[in-house]
1. Quick check: Cα centre of the stretch 20-63 to Cα centre of the stretch 83-158, how many Å?
2. Give the order of 66, 148 when sorted by the count of other beta carbons within 10 angstrom, beginning with the fewest.
3. Restricting to DSSP H runs of at least four residues, report the calculated mean residue ellipticity at 222 nm for the chain, -39500 (n - 2.57) per run over all residues, nearest 500 deg cm²/dmol.
4. So for the stretch 31-82, what are the equivalent ellipsoid semi-axes in whole Å, largest first, each being the square root of 5 times an eigenvalue of the Cα gyration tensor?
5. Output the 0 to 90 degree angle, nearest 10, between the alpha-carbon long axis of helix 9-18 and the longest principal axis computed from the alpha carbons of the chain.
6. Given a Förster distance of 41 Å, report the FRET efficiency between residue 145 and residue 6 from their Cβ-Cβ distance, rounded to the nearest 0.05.
7. Hey, could you grab the Kirkwood Rh for the chain? Inverse mean 1/r over distinct alpha carbon pairs, Å, one decimal.
8. Work out Dmax and Rg for the stretch 66-107 from the C-alpha atoms and quote the Rg first, both in angstrom.
């Protein structure tokens, strides 16, 4: 016999995502960046719902790497990108490395921004990653045109 239960969908989603607090990444990891605009430092992405985020100082593909001081088990990753000024198509790759040296892609995603329409991309991934030593985000802000700087509004992990 099939066992089933009707649940209130918003509550079920909230329960799945909010039981654990976000990790204090500033305390648990060091960050390597290929570029940073001093007016938009990277630590701003660790603030949930923050108005400001990180921006690269140079145009083109950028890499952000979090190196954890101790291996972490990761269950959720949230990224938020925002662009209200430029029409562009962005691509990003999110990957992780483990203690045993294995490195794998989590996701490769493209998104088209348009000031008159889609200005924000929020990606919220439920994952089950054990012993993560490094998390890497590679952003190509305009898919190889190398005319725009990469940006990131939020990076939260639990």
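What follows draws every value from the coordinates through simple rules; no lab data is involved. The model shown is predicted, which means the values in this text are computed figures rather than measured ones. Please note: Cβ atoms are built from the backbone with ideal geometry, for glycine as well, and neighbour counts cover all protein chains shown.
1. Taking the Cα centre of the stretch 83-158 as reference, the centre of the stretch 20-63 is 12 Å away.
2. 148, 66
3. Taken over the chain, the calculation gives -2000 deg cm²/dmol.
4. Listed largest to smallest, the semi-axes of the stretch 31-82 are 20, 15, 10 Å.
5. Helix 9-18 and the main axis of the chain meet at about 70 degrees.
6. Using R0 = 41 Å, I get an efficiency of 0.25.
7. 16.7
8. For the stretch 66-107, the Cα radius of gyration and maximum Cα-Cα distance read 14.2, 42 Å.
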